[in-house]
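Below is one structure, written out as structure tokens, with a few remarks after it.
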Amino acid sequence: MNVIMFGPPGAGKGTQAKLLQEKRKLPQLSTGDMLRAAIAAGTPLGKQVESILAKGDLVSDEIVVGIIGDRYDQPDCKNGAVFDGFPRTIAQAEALDKMLAARGRKIDVVIELKVDDTILLDRVKQRIAEGSARPDDNPETLKNRLDVYYRNTAPLLDYYKKQGKLTTLDGMAPIADVTAAIAQVLAKA
Ligand code: AMP
């Protein structure tokens, strides 16, 4: 099964993707984590994207489609994966559909976690207070990440709605309730 976790920054995509990885043995493929690992390792790719992540802008479609394609071909994705933070543009969604079709696969479910912007800002402030904030977790960068989300990524909701794959859940509910709601959606898929 191939699942996309969809939503604005701070909606809880990563948290829920990790829980799915544990429960259903579907690897969490987070392009954000992969890019941060490249930055931490100081690879040429990391050096190329560091300032883009710091600003909260999008890395090129070519780069993220390339790293997702390589990752998806690892043996642990033989039963599918949970895509977290990818796709973020229509071009990425089309490339993902093509990549999966070439392997006789498809996206089965897209789960949107809907969260109000004010709550997202509160969550970032909480992470800063707890000391668990990422370099791009600050109120100014969040504003840009949200702008980028509404401009480039939110149009994907229509793309997947037209394919009958979209389910929208309340991302403001307690974590365990969101996990339970996701389990119900996947049971029907
Ligand atoms: P995330 O951890 O998903 O919030 O991603 C952190 C940052 O990595 C984003 O703000 C972008 O700069 C970059 N990034 C992650 N995934 C993508 C993607 N699918 N397309 C373009 N840029 C991405």
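Is it the case, given these coordinates, that Ile4 is open to solvent by less than 40 Å² (accessible area, probe 1.4 Å) and either more than 11 Å from the ligand (Cβ to nearest atom) or not acidic (Asp, Glu) (or both)?
Criteria met by Ile4.
I'm told Gly85 meets every condition in (1) within 13 Å of the ligand (Cβ to nearest atom); (2) touching a residue at least 60 places away in the same chain (Cβ under 8 Å); (3) small (Gly, Ala, Ser); (4) surrounded by fewer than 16 Cβ atoms within 10 Å (Cβ to Cβ) except one. Can you identify the failing condition by its number?
Here Gly85 meets the rest and fails (4).
Does segment 129-142 include one or more residues that are of a type in the set (Ser, Thr, Tyr) and under 19 Å from Gln28 (Cβ atoms)?
Yes, segment 129-142 contains a residue that is of a type in the set (Ser, Thr, Tyr) and under 19 Å from Gln28 (Cβ atoms).
Per-residue answers, yes or no, for (1) buried (at least 19 other Cβ atoms within 10 Å of the Cβ); (2) within 10 Å of the chain's Cα centre (by Cα):
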position	(1), (2)
Gln28	yes, yes
Ala37	no, no
Lys55	no, no
Val65	yes, no
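Would you check if Lys114 is more than 24 Å from Thr168 (Cβ to Cβ) and away from the ligand (no atom under 14 Å from the Cβ)?
When the stated conditions are applied, Lys114 does not pass them.
What number goes with the only condition from (1) without any contact (Cβ under 8 Å) to a residue 24 or more places away in the chain; (2) touching a strand residue (DSSP E or B) at 6+ places or on another chain (Cβ under 9 Å); (3) under 23 Å from Glu62 (Cβ atoms) that Gly42 does not pass?
Result: Gly42 passes all but (2).
How about segment 67-81: which of its residues are within 13 Å of the ligand (Cβ to nearest atom) and open to solvent by less than 50 Å² (accessible area, probe 1.4 Å)?
Ile67, Ile68, Gly69
Only one of (1) within 16 Å of the ligand (Cβ to nearest atom); (2) surrounded by 14 or more Cβ atoms within 10 Å (Cβ to Cβ) fails for Thr167. Which number is that?
So the condition that Thr167 fails would be (1).
Are any residues in segment 121-156 closer than 30 Å to Ala187 by Cβ and modelled with pLDDT under 95, and if so, which ones?
If the condition is that a residue be closer than 30 Å to Ala187 by Cβ and modelled with pLDDT under 95, then Arg123 is the only one that fits.
The values are calculated or read from the model by the stated rules, or taken from the named source; none is laboratory data. In this text, all values refer to a predicted model and were calculated from it rather than measured experimentally. A quick note on method: Cβ atoms are made from the backbone with ideal geometry, for glycine too, and the neighbour counts reach across all protein chains shown. All accessible areas refer to the heavy atoms of the entire protein, side chains included, with ligands and DNA or RNA removed. Shrake-Rupley method; radii C 1.70, N 1.55, O 1.52, S 1.80 Å.
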